[in-house]
Amino acid sequence: MKSNTKHVSPEFPSDELLIFIGHSDDASAEVEAIKSLRWEIEKMFGEFLKVNSNRSPFRKWAFWEYREDALTVSGSQDVAVTHALNHAHIAIFVFRERVGKVTWQELKKLRERSREQHVYILTFFPESFPFHDTFPNAQAKLQAYRDWTALLERQESLTVDWTNPDVGLSVTPCSTYQSIEKLKNIVLDKVRVAMADILAVESPILRPTSSQQVNTASDFLRLYLATLTQQLGNMTLTGSPALEHFAVKLSETFVSLSLSATSRSGVPGSVEGVPCDEAEYQRSSTPEKVMDFVFRHHPLLLVIGDPGSGKTTLIKYYALSCLDNGRHKEFGFREPVNVFFLPLRELKKSNSGYLSLPENLAAWSDKQFLKIDEALFSGWLDQPSTLILLDGLDEISDVHDRIAVCQWIDRTVGRFTRAKFVVTSRSMGYRKGDGIEIESSHLRADIMDFSKEQQREFLHRWF
């Protein structure tokens, strides 16, 4: 007797984070572009698990999309889709020319489910009317514009609902894209934020009730550090027409730099005029030894290097190493470190001068769709075992602005007395003769050229 497979549905493992992709038939190219992000998302997923010390209930992730997955299941495809909707943790809905009836029903089902269980629903709409070719007849043209009008109305309804606290349906603000490449970048950013938040939670992801706090300060901190780890964890190799632009892990490519220690007065191997113990702190030393020594005597390490010498790479190495469980002790920290990163070229100004560090970190978090309040950053920066990385003083082109930023750094060091700071600059961008000088107690370290052995290791790791 033949078994009844009419209601057979796929099994979704409890340790699998499911990303549902919904779309109308006209958005097939956009969907394929999103699926092409599998490799980047896989790396991101692994990094987040590492940050959370594998305490998340999830051990793997997967896309689920109707054409690729529902058709492989025996029995009712509607049942398969519903089953996927009921298990999705992140849902991506991408639209191009119109909003299909079935796709809109899927979106509505997930929004209803979000009343009880928190689902990250990400919607993507084209920024402008996508039609450029001629239409076969006036009727087809009229229908296209009707579909486009209906799409805009759907988009508007989602926006209104999202800002209405009485609706209670979880949809983040709609995102718009100009091209498929832009869509890929936006999707990756949005998925990163959602995945970081999900993997930072150690218990099943239930939507809090109105009487519960939605996110504690520790939740936000984990989310920030996970996002920072993902942002700094990759490098790109560009510059040759023979090589495509691609990303690699810093942990796989970093070659330890040699740093030459110099005091504020410019005397190598001394601290405020007092000779250093040569066995403890050599003229040419590793990033670990330099940071360990400097922070025992000063709150700030100034790293100077030529263009392309590896200043930003060193900043990334410091951040990821200090966030890596157990490695913080190699850099002189007794307790696990909270790391904060800011490119100095992104410092925000007001009429009265540069905004405070907490305000700038909050602005950076907004760009990553994290929305972390500056008051939280102020509290974290006042805690012990805090490392603040300020990259690229030389990238501020105006000399007067650079002088002002040095003064801002001095005020910030004086404000957050428990924190340790690293500032990077090219030598041409840090000239005391031009008034560009950090007055806070610090030690300078210059990045030295690669030795033959380091050059060999660099080529081996990259190529």
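Could you pull out the residue among PHE12, PHE58 that is at pLDDT 80 or above, part of a loop (DSSP other than H, G, I, E, B) and crowded, with 18+ Cβ neighbours inside 10 Å?
Details: PHE12 fails: crowded, with 18+ Cβ neighbours inside 10 Å.
One residue alone meets the criteria, PHE58.
Report yes if some residue within the range 297-313 is more than 17 Å from the chain's Cα centre (by Cα), closer than 19 Å to GLN231 by Cβ, free of Cβ contacts under 8 Å to residues at least 40 places away in the same chain and not in a helix (DSSP H, G or I); otherwise report no.
In the first step, residues of the range 297-313 are kept if they are more than 17 Å from the chain's Cα centre (by Cα); the result is 297-311.
The next check asks that each one be closer than 19 Å to GLN231 by Cβ; those that pass are 310-311.
With the extra rule that they be free of Cβ contacts under 8 Å to residues at least 40 places away in the same chain, the set shrinks to none.
Scanning the range 297-313 turns up no residue that is more than 17 Å from the chain's Cα centre (by Cα), closer than 19 Å to GLN231 by Cβ, free of Cβ contacts under 8 Å to residues at least 40 places away in the same chain and not in a helix (DSSP H, G or I).
Answer yes or no as to whether GLY75 is modelled with pLDDT under 85, among the small types (Gly, Ala, Ser), open to solvent by less than 50 Å² (accessible area, probe 1.4 Å) and at positive phi.
On the way: modelled with pLDDT under 85: yes; among the small types (Gly, Ala, Ser): yes; open to solvent by less than 50 Å² (accessible area, probe 1.4 Å): yes; at positive phi: yes.
For GLY75, the condition - modelled with pLDDT under 85, among the small types (Gly, Ala, Ser), open to solvent by less than 50 Å² (accessible area, probe 1.4 Å) and at positive phi - is met.
Is it the case that some residue within the range 418-433 is modelled with pLDDT of 90 or more, among the basic types (Lys, Arg) and surrounded by fewer than 16 Cβ atoms within 10 Å (Cβ to Cβ)? Give the derivation first.
Start the filter on the range 418-433 by keeping residues that are modelled with pLDDT of 90 or more, which leaves 418-425.
Remaining after also requiring among the basic types (Lys, Arg): 418, 420.
Going one step further and asking which of them are surrounded by fewer than 16 Cβ atoms within 10 Å (Cβ to Cβ), we end up with 418.
Yes, some residue in the range 418-433 is modelled with pLDDT of 90 or more, among the basic types (Lys, Arg) and surrounded by fewer than 16 Cβ atoms within 10 Å (Cβ to Cβ).
Restricting to the range 75-114, name every residue that is more than 23 Å from GLU153 (Cα to Cα) and assigned to a strand (DSSP E or B).
As a first pass, look at the range 75-114 and keep what is more than 23 Å from GLU153 (Cα to Cα): 75-90.
If the condition is that a residue be more than 23 Å from GLU153 (Cα to Cα) and assigned to a strand (DSSP E or B), then ILE90 is the only one that fits.
Somewhere in the range 332-350, is a residue open to solvent by less than 60 Å² (accessible area, probe 1.4 Å), within 25 Å of ARG192 (Cα to Cα), assigned to a helix (DSSP H, G or I) and touching a Phe, Trp or Tyr at 6+ places or on another chain (Cβ under 6 Å)?
Initially, the range 332-350 is screened for residues open to solvent by less than 60 Å² (accessible area, probe 1.4 Å), giving 332-333, 337-344, 346-347, 350.
Adding the requirement that they be within 25 Å of ARG192 (Cα to Cα) leaves 337-344, 346-347.
Still in the running and assigned to a helix (DSSP H, G or I): 344, 346.
Still in the list and also touching a Phe, Trp or Tyr at 6+ places or on another chain (Cβ under 6 Å): none.
Checking the range 332-350: not a single residue is open to solvent by less than 60 Å² (accessible area, probe 1.4 Å), within 25 Å of ARG192 (Cα to Cα), assigned to a helix (DSSP H, G or I) and touching a Phe, Trp or Tyr at 6+ places or on another chain (Cβ under 6 Å).
Only residues that are more than 21 Å from LYS311 (Cα to Cα) and free of Cβ contacts under 8 Å to residues at least 40 places away in the same chain: list them for the range 335-366, please.
LYS348, LYS349, SER350, ASN351, SER352, LEU355, PRO358, GLU359, ASN360, ALA362, ALA363, ASP366 - these are the residues of the range 335-366 that are more than 21 Å from LYS311 (Cα to Cα) and free of Cβ contacts under 8 Å to residues at least 40 places away in the same chain.
Looking only at the range 367-394, which residues are of a type in the set (Ser, Thr, Tyr) and either open to solvent by less than 10 Å² (accessible area, probe 1.4 Å) or without any contact (Cβ under 8 Å) to a residue 24 or more places away in the chain (or both)?
At the first step, the residues of the range 367-394 found to be of a type in the set (Ser, Thr, Tyr) are 378, 385-386.
SER378, THR386, listed by residue number.
Scan the range 397-419 and report the pairs whose first residue is under 14 Å from TYR430 (Cβ atoms) and whose second residue is open to solvent by less than 30 Å² (accessible area, probe 1.4 Å) and assigned to a helix (DSSP H, G or I), with Cβ atoms within less than 7 Å and a gap of 6+ or a chain change.
Here the result reads ARG402/LEU393; ARG402/GLY429; VAL405/LEU344; VAL405/LEU393, each pair linking the range 397-419 to a residue that is open to solvent by less than 30 Å² (accessible area, probe 1.4 Å) and assigned to a helix (DSSP H, G or I).
Would you be able to tell me the number of residues in the range 261-317 that are at pLDDT below 80 and buried (at least 18 other Cβ atoms within 10 Å of the Cβ)?
The number of residues fulfilling the criteria is 11.
The values are calculated or read from the model by the stated rules, or taken from the named source; none is laboratory data. Please read all numbers here as calculations on a predicted model, not as lab measurements. When we count neighbours, we look across all protein chains shown, and the Cβ atoms used for this are built from the backbone with ideal geometry, even at glycine. Just the protein is used for accessible areas: all its heavy atoms, side chains included, with ligands, DNA and RNA removed. Shrake-Rupley method; radii C 1.70, N 1.55, O 1.52, S 1.80 Å.
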